[in-house]
Amino acid sequence: MSDPLRLGIAGLGTVGVGILRIVQNHGDLLAARAGRPIVITAVSARSQKDRGVDLSGYAWEDDPVALAARDDVDVVIEVMGGHEGPAKHTTEAALAAGKDVVSANKALLAIHGQALAEAAEATGRVIRFEAAVAGGIPVVKSLIEGLAGNEITRVLGVMNGSCNYILTRMEDAGLTYAEVFEEANQLGYLEADPELDVGGIDAGHKLALLAAIAFGTQVDFSGVALEGIGAVTIEDIRQAADMGYRIKLLGVAQMTGRGLEQRMSPCLVPATSPLAQLQGGTNMVVLEGDAVGQIVLRGAGAGEGPTASAIMADVMDLARGTRYATFGQPAHTLRRARAATAAIPAPYYLRLQLLDKPGALAKVAAALGDAGVSIDRMRQYDHNDTAAPVLIVTHKTTRSALDEALARFTQTGVVTTAPVAIRIEAV
């Protein structure tokens, strides 16, 4: 059997411990599948507290950069998190020392991915990051390997389990956003900074990475249009359901004539679609190619086991000698893409509160018509003494035309609160 592949693990949080358990529990299985032993030689973390796993057989480094330079480490596994500081320094040090890197760090790669990919290729090394996107779902491998013969036309999906939990819990229990947000926080489902989850930032990092692979572009997180779920109300969820839709925090990336469209925002999807059926903290990614058509990948998007599983998939590829460029093609061939915002026309869901007086609805319809937006369906619900809730589903329109209509609403004098506008995505 060949020489062992020696791993150094930087970070012993939930995912780092999960990797240790897989290697400790499945050593013979890994060796049989890889054709060589997979061993851990060194670890690094901020403290040597008890983590419920045996660390006695591994060298300890207080400094992860020192771990990256060790002669007895072939592959550095970076599971510390953060887009600056130790994670970035350790990754750069590993590449400079001639080590391959396996990372679960979506923020680091979404922000510094191009520079790190170039650094890896300059030293003949590779960076693998299956675990950085959608946990245990093999979406990176699917794009780079399984769909290599396709021109990818669209990537979309639910990529943050915490947001999906909040939206499905609101619907199932009839609770408000604030109530479910607090529940999710108490259960530990949200990041220390919850805005990373509910603001769409975490999922936006993942979308930027997938878009770079799918469209052969330099990763550009700054080009992702972000809108979180904080403005979604239980009324929106109920009324969308009444019209045959469910609301999801949906990431969509597609190349258009105007440039690369990347957006992470609440969208309505048909209640009969696979995305609409997604419950709880599960993730789903939909890939569309010109030859294969549409494929759907579903699974656990986070957690110790799924993320560690994805890390080990990359490790096994390296052990077998499977190597390819970080984003699926040489870094110098990745092109800069012009950012396009909602360039593809789509129908929209609008929720309005109108003054309960004659002619109010006609003024709203006229404002839409003047902006070139036509109405597909409209419903008016029970109203109080002063205001009447109205739902409108438009025909396909551009976001710019819709924004013009929303601006015209303020001039009608009959719209009492800020309108809610949510895109309806075809899936």
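At a glance:
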read-out: Within the chain, percent of DSSP bridges classed antiparallel, to nearest 5; value: 65
read-out: The chain: proportion of alpha-carbon pairs further apart than 43 angstrom, %; value: 19
read-out: Projected-area average for segment 1-138 over all orientations - Cα convex hull basis, square nanometres; value: 8.2
read-out: Segment 308-325 - phi-based ³J(HN,Hα) in whole Hz, Karplus 6.51/-1.76/1.60, Gly and Pro as x; value: 5, 4, 5, 4, 5, 4, 5, 4, 5, 4, 5, 5, 7, x, 7, 9, 8, 4
read-out: Whole-number accessible area per residue in Å² for the chain, which is evaluated in the context of all protein chains at 1.4 Å; value: 41
read-out: The chain, relative contact order [Cα under 8 Å, separation at least 6], %; value: 16
read-out: Listed pairs 206/396; 49/206; 88/248; 141/396; 141/206 exceeding 25 Å between Cα atoms; value: 206/396; 49/206; 88/248; 141/396
read-out: Within the accessible area of segment 138-244 (1.4 Å probe), percent carbon and sulfur; value: 48
read-out: Inter-part distance where segment 118-180 and segment 47-76 are each reduced to a Cα centre, Å; value: 29
read-out: Nearest 10 degrees, 0 to 90: helix 177-186 Cα axis against the chain principal axis; value: 20
read-out: Rounded percent of accessible protein surface that carbon and sulfur make up, segment 15-71, 1.4 Å probe; value: 45
read-out: Relative counts (whole %) of C-alpha pair distances in segment 230-349, using bins that are 10 Å wide; value: 10, 27, 36, 20, 6, 0
read-out: Total charge dipole magnitude, the chain, about the Cα centre, Cβ charges on Lys, Arg, Asp, Glu only, Debye to nearest 20; value: 960
read-out: Carbon/sulfur fraction of accessible area - segment 326-391, other protein chains in place, 1.4 Å, %; value: 50
read-out: P(r) histogram, all alpha-carbon pairs of segment 316-393 included - 5 Å bins from 0, percent; value: 3, 10, 15, 13, 9, 7, 5, 5, 6, 6, 7, 7, 4, 2, 0
read-out: Neighbourhood charge, 10 Å Cβ-Cβ cut-off, centred on residue 234 and excluding it, Lys, Arg +1 and Asp, Glu -1; value: -3
read-out: For residue 378, residues with placed amide H under 5 Å, excluding near neighbours; value: 393
read-out: Principal axes of segment 291-343: Cα extent on each, largest first, Å; value: 38, 28, 25
read-out: For segment 148-163, 3J(HN,Hα) per residue [Karplus equation, 6.51 cos²θ - 1.76 cosθ + 1.60, θ = phi - 60°, Hz, x = Gly/Pro]; value: 4, x, 10, 7, 6, 9, 7, 10, 8, x, 9, 10, 9, x, 5, 5
read-out: D_trans [Stokes-Einstein, Kirkwood Rh over alpha-carbon pairs] for segment 1-49, 20 °C, 1.002 mPa s, µm² s⁻¹; value: 187
read-out: Sum of -39500 (n - 2.57) over DSSP H runs of 4+, divided by residues of the chain (222 nm, nearest 500); value: -10500 deg cm²/dmol
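The values are calculated or read from the model by the stated rules, or taken from the named source; none is laboratory data. Model, not experiment: these values are computed from the prediction. Cβ coordinates were reconstructed from backbone atoms using ideal geometry, including for glycine residues, and neighbour counts include every protein chain displayed. Surface accessibility is based on the protein's heavy atoms, side chains included, excluding ligands, DNA and RNA. Shrake-Rupley method; radii C 1.70, N 1.55, O 1.52, S 1.80 Å.
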